[in-house]
1. Rounded to a whole number of µm²/s, how large is the Stokes-Einstein D of region 80-197 at 10 °C and 1.306 mPa s, given Rh as the Kirkwood radius over C-alpha pairs?
2. Report the gain in length on full extension from Ser147 to Trp193: 0.36 nm times residue separation, minus Cα-Cα distance, nm rounded to one decimal.
3. So how do 6-13, 173-180 stack up, highest first, on mean other-Cβ count within 10 Å?
4. Just need the relative contact order of region 1-110 here, percent rounded to a whole number, with Cα pairs under 8 Å and 6+ apart.
5. Determine the sum of side-chain charges near Ile191: Lys and Arg each +1, Asp and Glu each -1, restricted to other residues whose C-beta is under 15 angstrom from that of Ile191.
6. How would the chain be classified by its alpha-carbon gyration tensor: rounded, prolate or oblate, with rounded meaning a/c under 1.5 and the a/b versus b/c comparison settling the rest?
7. Name the residue farthest towards the positive end of the dipole of region 124-187 from the options Leu169, Leu153, Thr125, assuming +1 on Cβ of Lys and Arg, -1 on Cβ of Asp and Glu, about the Cα centre.
8. What is the calculated FRET efficiency for Ala90 to Tyr37, with r their C-beta to C-beta distance and R₀ = 41 Å, to the nearest 0.05?
Amino acid sequence: MKLNAVVEKGFAIMAGEIVVFNYDGVTREYLSQSTEYLAVGVGIPANACMDEPLAAKSGYVVCRNSKLTGWEYLADHRGETVWNVKTGEAIEITAPGDYPVDTTIYAPSTPYDKWNGERWKTDETAQKAAVIAEANATKAALIKSASEHIEPLQDAVELGMATDEEKKLYDAWRKYRVLLTRIDTSTAPCITWPSPP
């Protein structure tokens, strides 16, 4: 015949078995129940209690309260993604509880969106500046590439060593470079880039 332990203040005053309810040490989420043998003077296992957890409830998880004195329901959003309203950064929910402070369930549509308290609004000035900066970088890279093609052809022309084909190519690359320098990047993204020779 199995004897049930008698426990006072978490320690056995009479040896025997006892049913305990185990919870996660970090999230305090209910995990399982187990039967433990307690010798006199031995306490119940860490992250365990003797009071039964609440019944399961859809959309919530049963957890020990923060004082570890009882059970409570916490919203279960784990696996969901929310966005920080200050930075726009995506955050995956990994712990039970309400959504983190300063987050929204709505994703920004561009990297230039700012939260206005109710929804994301695109900062068109910042977006336009970024598009222009990208166009300037593209223009500089294309001009550099054209110059790299022109340089050896220019040597051949200036030294009188260029073939007719090299002369035509030299002129074509120079015209291409001039067209690039005339591109108005402030019209980005509506730019028609010239085709290289």
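A short reminder: the numbers here are calculations on the coordinates, not readings from a lab. Keep in mind that this is a model prediction, so the values were computed, not measured. For neighbour counting, all protein chains shown are included, and Cβ atoms are generated from backbone atoms with ideal geometry for every residue, glycine included.
1. 87
2. The span from Ser147 to Trp193 would gain 14.9 nm if fully extended.
3. Per-residue Cβ counts within 10 Å, averaged per peptide and sorted highest first, yield 173-180, 6-13.
4. 17
5. +1
6. Prolate, because a/c is 1.5 or more and a/b exceeds b/c.
7. About the Cα centre, the residue reaching furthest to the positive side is Thr125.
8. Efficiency computed from Cβ-Cβ geometry: 0.30.
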